[in-house]
């Protein structure tokens, strides 16, 4: 397989729709398999070589030991019998012969096919030796002359010498086989080294291709979303994004497409109905803010991907997907307190990664209020205002604290009121600036300009106007601030008005 074919295979593995995590897992498994192949082959070859070499050495040792028995023990035992030291019936000659035959057969089973013929010769010689021993036993029982017995013993010695010479020749052949086996082992070792080098090169090439394919898939998906968000932010609400090949971006793309459809539908409904000019203005403001935030967040995902910070890419993508899902809220203007705080948690996860050197945050709320229904998107504009006009204008790391609880300051009739607060320890503002913002919030005919010269106010105005429109009450947003100490914005939801 050439590198071109390998690249096509890798691309087919990682360009099909799948998650980044799954693609990385697949590449790791493939690399492990590539690394295991030479290891398994090396271990198997080493085991085979060891067994082959051990067989040869064992045969040589067994044959040398057997040769000593053939040359010494059998003839000595028969000499003692001929000399009258031991009777033929009491002698160990047949036990020695049986042991020799058993050893020859064992060595023969372990020997190579080319060397077995010598052991066959030795076995036939042993049969001849048994015949001579039987002959010697018969003569001794017949009380034959000693001269005849000695002549038979000489024949036995000759046969034993033949067996010994045959075993010695077999030992020589086994040693020669050991030398050949050693050369074969050297050749196998060189082949294994070559295989390991090739597999190492393949692993390096595959890992680089896998990395490039994953990075290309992520960057291509992000690039498509950036282009899509650019078209949306420019006002092209007919734009739709194709589903990406990276699974983590599929929910985000679907939510963005839904967002584009819903934004278009909301704008068309507002233009057609013209029932509430101020509500339409607030919806238009939200439509302007969302693409701007989306564009900045996708830029963050791009530089995280370029830095190969895949875990943070996944974290920001999931947070952004959850952010827009909760923002859309199926077109409803009302959410539970739980979902409002989930929405702000997703927002803060994204901003924490963007401003990790200057931003810390804390979110806490009374869980017993989780199912209460309130107007959506109350907290995000306040937190954004605290970040951009408070934390970013102070030296060092800043802290944003978001809380939700029962409003204990309310009277008995309003005892179930809800209080939301966003506090920061940022730059704060002077008394004059604070009074100016309070006057603008109190006068709906004098909203702050869209360019706030770094001091903010538009997010506060947005939340304040929406609270007045939907709850039909004024003074639900309160702001307190001290220069160089920070700012706290509090939103009060009237008792008995947790839902529309």
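The values are calculated or read from the model by the stated rules, or taken from the named source; none is laboratory data. Remember, it's a predicted structure, so these values are computed and weren't measured experimentally. Every residue, glycine as well, gets a Cβ built from its backbone with ideal geometry; the counts of neighbours run over all protein chains shown.
Brief remarks on what is shown
- There is no residue in segment 376-389 that is free of Cβ contacts under 8 Å to residues at least 24 places away in the same chain and either outside any helix (DSSP H, G or I) or surrounded by 18 or more Cβ atoms within 10 Å (Cβ to Cβ) (or both).
- Of everything in segment 328-337 that is at negative phi and in a helix (DSSP H, G or I), the residue that is farthest from the chain's Cα centre (by Cα) is 337.
- Every test in (1) closer than 20 Å to residue 35 by Cβ; (2) surrounded by 13 or more Cβ atoms within 10 Å (Cβ to Cβ) is passed by residue 148 save one, and that test is (1).
- Only one of the listed residues (42, 50) is modelled with pLDDT under 75, touching a helix residue (DSSP H, G or I) at 6+ places or on another chain (Cβ under 8 Å) and in a helix (DSSP H, G or I). That residue is 42.
- The sole residue among 301, 267, 258 that is modelled with pLDDT of 80 or more and farther than 25 Å from residue 388 by Cβ is 258.
- Sole residue being in contact with a helix residue (DSSP H, G or I) (Cβ under 9 Å, 6 or more places away or on another chain), assigned by TED's automatic domain parsing to the domain that holds residue 154, more than 22 Å from residue 159 (Cα to Cα) and in a helix (DSSP H, G or I), chosen from 63, 58, 75: 58
- Subset of segment 444-487 (residues that are within 18 Å of residue 400 (Cα to Cα), surrounded by fewer than 18 Cβ atoms within 10 Å (Cβ to Cβ) and modelled with pLDDT of 80 or more): 478, 480, 482, 483, 484, 485
- Annotation note: of 416, 408, the sole residue that is more than 28 Å from residue 481 (Cβ to Cβ), in the same structural domain as residue 491 (by TED's automatic domain parsing) and modelled with pLDDT under 85 is 416.
- Only one entry in 214, 226, 198, 205 is modelled with pLDDT under 75 and part of a helix (DSSP H, G or I), namely 214.
- A residue that is free of Cβ contacts under 8 Å to residues at least 12 places away in the same chain, in contact with a helix residue (DSSP H, G or I) (Cβ under 7 Å, 6 or more places away or on another chain) and assigned by TED's automatic domain parsing to the domain that holds residue 40 occurs nowhere in segment 162-170.
- Test result for residue 103, in contact (Cβ under 8 Å) with a residue 12 or more places away in the chain, part of a helix (DSSP H, G or I), in the same structural domain as residue 158 (by TED's automatic domain parsing) and loosely packed, with under 14 Cβ neighbours inside 10 Å: no
- Segment 430-443: number of residues that are in a loop (DSSP other than H, G, I, E, B) and modelled with pLDDT under 90: 1
- Flag for residue 128 being surrounded by fewer than 20 Cβ atoms within 10 Å (Cβ to Cβ), within 60 Å of the chain's Cα centre (by Cα) and in a helix (DSSP H, G or I): no
Here's the yes/no breakdown for (1) modelled with pLDDT under 80; (2) exposed (fewer than 14 other Cβ atoms within 10 Å of the Cβ):
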position: 3; (1), (2): yes, yes
position: 32; (1), (2): yes, yes
position: 59; (1), (2): yes, no
position: 66; (1), (2): no, no
position: 81; (1), (2): no, no
position: 86; (1), (2): no, no
position: 98; (1), (2): no, yes
position: 108; (1), (2): no, no
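- A Cβ distance below 9 Å, combined with a sequence gap of six or more or placement on separate chains, defines the contacts here; from segment 338-354, residues that are on the phi > 0 side of the Ramachandran plot and not assigned by TED's automatic domain parsing to the domain that holds residue 419 reach no residue that is assigned to a helix (DSSP H, G or I) and at pLDDT below 90.
- Of the candidates 356, 325, the single residue that is part of a helix (DSSP H, G or I) and either touching a helix residue (DSSP H, G or I) at 6+ places or on another chain (Cβ under 6 Å) or surrounded by fewer than 21 Cβ atoms within 10 Å (Cβ to Cβ) (or both) is 325.
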